[in-house]
Amino acid sequence: MSKIAYNLSIIKGIVFDVDGVLSPSTIPLGTDGVPVRMVNIKDGYALQLAVKLNYRIAIITGAVSDAVYKRFSALGIQDIYMGASNKIELLKEWHAKYSLQSQEIAYVGDDIPDIPPMRYAGLSVAPNDACTDVLNISRYISPVNGGYGVARDLLEEILRANGQWLSDTKAFGW
């Protein structure tokens with residue numbers, strides 16, 4: 001039984017913010033003034049597995065970073081939207097592109113710009129250290145902080161609910 005009070009078997013698409021979700025909220029700056037983001041390897045494993053299992057995965061972030069693009073495209077994610085000033089519009093475009101229903105989408109965010117898409121998605125998810133306003137609208141609050149396994153937590157639950165976690169040889173490689 002899942003710890004998430006939602007019918008996870010209907011989820012077909014999962015959208016992630018980057019800063020504060022797939023990387024910690026505190027980001028060191030390089031000497032050139034460009035943020036240097038950390039990523040979680042277990043998140044990466046779960047993301048690439050979900051892609052292999054034909055889930056639609058998207059990144060919608062306000063950040064513009066070659067490193068972010070390279071990291072997530074290397075995991076097989078094709079829908080990477082950067083410099084997003086209006087995340088809800090991008091979410092609607094993405095959901096229409098794949099003919100998804102809003103209840104088939106999980107959106108993971110941590111801060112104010114994520115609230116409109118979180119309200120739109122069927123399953124709104126936040127890391128444990130998200131801002132209070134986001135925590136208040138989230139259907140599921142991950143027990144981990146942003147950048148420390150939020151994607152792994154959610155994707156493992158979805159894959160388990162669908163009998164896909166460690167279910168075939170795709171699970172045992174990169």
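None of the figures in this text is laboratory data; all of them are computed from the coordinates on show. Bear in mind the structure is a predicted one, so any value in this text is a computation, not a measurement. Glycine also receives a Cβ, built like all others from the backbone with ideal geometry; neighbour counts cover every protein chain displayed.
Observations on the structure shown:
- Sorted on the mean count of surrounding Cβ atoms within 10 Å across their residues, most packed first, peptides 30-36, 96-102, 76-82 read 76-82, 96-102, 30-36.
- For Leu123, Leu90, Leu159, order by how many other beta-carbon atoms lie within 10 Å, fewest first: Leu90, Leu159, Leu123
- The helix-only estimate of mean residue ellipticity at 222 nm for the chain, built from DSSP H runs of length n ≥ 4 each weighted as -39500 (n - 2.57), is -9000 deg cm²/dmol after division by the residue total.
- Gyration tensor (alpha-carbon) shape descriptor, region 1-62, a/c threshold 1.5: prolate
- Stretched out straight at 0.36 nm per residue, the stretch from Leu29 to Ser2 would grow longer than its current Cα-Cα span by 5.9 nm.
- Using the alpha carbons alone, the radius of gyration of region 56-99 stands to its Kirkwood radius in an Rg to Rh ratio of 0.97.
- Taken over region 71-157, the alpha-carbon convex hull comes to 104 cubic angstrom per residue.
- Neighbour counting of Cβ atoms within 10 Å sorts the residues Ile41, Ile4, fewest neighbours leading, into Ile41, Ile4.
- Sorted by Cβ density within 10 Å, fewest first, the residues Asp133, Asp110, Asp43: Asp133, Asp43, Asp110
- What the Kirkwood sum gives for region 16-162 is a hydrodynamic radius of 15.1 Å, with every pair of different alpha carbons counted.
- Set Lys42/Lys97; Lys3/Lys42; Lys3/Lys87; Lys52/Lys97; Lys12/Lys92 screened for pairs whose C-alpha atoms are more than 23 Å apart: Lys42/Lys97; Lys3/Lys87
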